[in-house]
Amino acid sequence: MADLKIYNSLTRKKDVFTPITPGHLGMYVCGPTVYSDVHLGNCRTFISFDIIYRYFLYLGYKVRYVRNITDAGHLEGDRDEGDDKFSKKARLEQLEPMEIVQKYTLGFHKVMELFNNLPPTIEPTATGHISEQIEMVKHILKNGYAYEVDGTVYFDVEKYNKEKPYGILTNRKLEELLEGTRELGGQDEKKGRLDFALWIKAKPEHLMQWPSPWGMGFPGWHIECSAMSGKYLGTQFDIHGGGMDLAATHHTNEIAQSEACYNVSPARYWIHTNMLTVNGARMSKSAGNGFLPGELFTGDHPLLEKAYSPMTVRFFMLQTHYRSTLDFSNEALQAAEKGLKRLWEAYQNLKQLSSQQLPDTPADAALDVRVRELVKGFDDSMNDDFNTAKVLANMFELTPVINSLRGGQIPPGSISRSTFAFLNKQFTVYLKDVFGLREDSAGDNGRLEGVLQLLIQIRKEARAKRDFVTSDKIRNELNEQGIILKDEKDGNVSWSFG
Ligand code: AMP
Ligand code: ZN
């Protein structure tokens, strides 16, 4: 099998992927914080990892894909003190924090399904793993990399950095990182400016709190991912992923926690996806420039010229490599809509061509070689750091060839039977399984129309032969399915939903 190269943020280069256990992949991706709807930027990250997951499945790996749900511990502004995002929203909506969590988890799943993202194999929640997080904090304390102040436990970054480079993931020295932080004030409990909370003491009015060796409290945001990835994938696993915005703090702290607890770096490959931007600015909940997927599907947003289907949006994202920024625009989405339609047309033509008899030796050897190269290029591009954009470029080069074979402009037999089989298989597998595209309802409606016209034709022929048993059967059984056939005066037959 050809090498798969992955750009590894940890080494800052493309590394050949070698799994810890041959044939198996352990992958952890930071999931959503479920206190509000996911916006399209979040979706880009989850779609990018869905493609990576699907590609490993295509390669035959047995994958354990863990993507968590953050339902506790994530504080306002990603800080160590203040209200958590769930409690704040719960007060605002007059609900229990767990009702907030339930509402937005269900919404998240619905959006993932609309985009045809496969569910992860494990989807653990922070609240379901409080004891694992407490155990980890105890361990880090015992190893001497944390300290407790009045019920809150902090990670001691400077002490850790004496032994291991804290800024390893983003290649920054401690001094540089310190420059970017504010001086500690007299009332601060932390010893060092970069120290972060592993466990946070809860005020009595705090809605979500649990008992711990340090009193009532709740976990810091970073420890949940370390505890859950360790539990389900082992202390060291293959791939850890998330959006680029998480590398500098959340992921940097995850590495420090795992090293301080188990003396091992958690993941061998770190994959970071780039941001979806709107007019050049990162789409984010706090900036208020986020489209909700629902707004896209209805077109109900001032920045949207029309509605776009989930598959158009998914395809729009696949046209750009996951490590490049992607700027939202109506023009790009409209172009994606047309492009995707062209691919499905080529796909339908391929299916029509499958029944033809082809020779072992192609009539046009040069074309045959070219088609093979383009199809082989699908895997080559994905093996080069999951370059979906390049795969699509090859598919678009193949599209006119497929259409011309179907239309007769290229004579049948120009390519060999085996080349056609290779093209047919890979085009289908990539479109549906690797890229996870499915035909929109527009496509389904087109097919329904085709099937009904066929039935109407068969009924007409039956009537012409005075075979009223068959013609009545067609009409009555369609009727039972809620489809009404109407014989028009001009002899035509129309149909409608009853
Ligand atoms: P959150 O729910 O804010 O914790 O974010 C969930 C995931 O979405 C994280 O992996 C973020 O890095 C990612 N993310 C947030 N904003 C964007 C964006 N504008 N483009 C792409 N990914 C994003
Ligand atoms: Zn995380």
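The values are calculated or read from the model by the stated rules, or taken from the named source; none is laboratory data. Not measured: the values here are computed from a predicted model. With ideal geometry, Cβ positions are generated from the backbone for all residues, glycine too; neighbour counts draw on all protein chains shown.
Structure above, values below:
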{"quantity": "Any chance THR273 is of a type outside the set (Phe, Trp, Tyr), modelled with pLDDT of 95 or more, crowded, with 18+ Cβ neighbours inside 10 Å and away from ligand 2 (no atom under 12 Å from the Cβ)", "calculated": "yes"}
{"quantity": "Pairs with Cβ under 6 Å, 6+ apart, first in the stretch 62-73 and within 14 Å of ligand 1 (Cβ to nearest atom) and in a strand (DSSP E or B), second among the β-branched types (Val, Ile, Thr) and modelled with pLDDT under 95", "calculated": "ILE69/VAL34; THR70/THR33"}
{"quantity": "Among the residues listed as HIS240, HIS251, the single one being part of a helix (DSSP H, G or I) and within 16 Å of ligand 2 (Cβ to nearest atom)", "calculated": "HIS251"}
{"quantity": "Hits in the stretch 257-294 - residues which are within 15 Å of ligand 1 (Cβ to nearest atom), in a loop (DSSP other than H, G, I, E, B) and aliphatic (A, V, I, L, M)", "calculated": "MET275, MET283, ALA287, LEU292"}
{"quantity": "Set GLU175, GLU183, GLU179, GLU158: member being at pLDDT 95 or above and surrounded by fewer than 19 Cβ atoms within 10 Å (Cβ to Cβ)", "calculated": "GLU158"}
{"quantity": "Selected residue [within 16 Å of ligand 2 (Cβ to nearest atom), modelled with pLDDT under 95 and hydroxyl-bearing (Ser, Thr, Tyr)] from TYR28, TYR35", "calculated": "TYR35"}
{"quantity": "Residue match in the stretch 11-28 (condition: within 16 Å of ligand 1 (Cβ to nearest atom) and among the hydrophobic types (A, V, I, L, M, F, W, C))", "calculated": "yes"}
{"quantity": "Exclusive hit being among the basic types (Lys, Arg) and at pLDDT below 95, set ARG12, ARG79, ARG64, ARG44", "calculated": "ARG79"}
{"quantity": "Members of the stretch 223-252 that are buried (at least 24 other Cβ atoms within 10 Å of the Cβ) and either of a type in the set (D, E, K, R) or more than 15 Å from ARG64 (Cα to Cα) (or both)", "calculated": "ILE223, GLU224, CYS225, SER226, ALA227, ASP238, HIS251"}
{"quantity": "Of the criteria (1) part of a strand (DSSP E or B); (2) of a type outside the set (A, V, I, L, M); (3) under 30 Å from THR312 (Cα atoms), which one TYR154 fails", "calculated": "(3)"}
{"quantity": "The stretch 191-200: number of residues that are under 15 Å from LEU141 (Cβ atoms) and among the basic types (Lys, Arg)", "calculated": "1"}
{"quantity": "Pairs with Cβ under 6 Å, 6+ apart, first in the stretch 324-344 and under 17 Å from PHE297 (Cβ atoms), second among the β-branched types (Val, Ile, Thr) and outside any helix (DSSP H, G or I)", "calculated": "PHE328/VAL278"}
{"quantity": "Qualifying residue in the stretch 216-232 (condition: closer than 22 Å to PRO19 by Cα and aliphatic (A, V, I, L, M))", "calculated": "yes"}
{"quantity": "Among the residues listed as ARG268, ARG193, ARG282, the single one being among the basic types (Lys, Arg) and in contact with a Lys or Arg (Cβ under 9 Å, 6 or more places away or on another chain)", "calculated": "ARG193"}
{"quantity": "Residue within the stretch 384-392 that is out of contact with any Phe, Trp or Tyr (no Cβ under 6 Å at 6 or more places or on another chain) and of a type in the set (Asp, Glu) present", "calculated": "yes"}
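Yes or no, residue by residue, for (1) under 25 Å from THR273 (Cα atoms); (2) surrounded by 15 or more Cβ atoms within 10 Å (Cβ to Cβ):
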residue: ASN383; (1), (2): yes, yes
residue: VAL401; (1), (2): no, yes
residue: GLN409; (1), (2): no, no
residue: TYR430; (1), (2): yes, yes
residue: GLY450; (1), (2): no, no
residue: ALA462; (1), (2): no, yes
residue: SER471; (1), (2): no, yes
residue: ILE474; (1), (2): no, yes
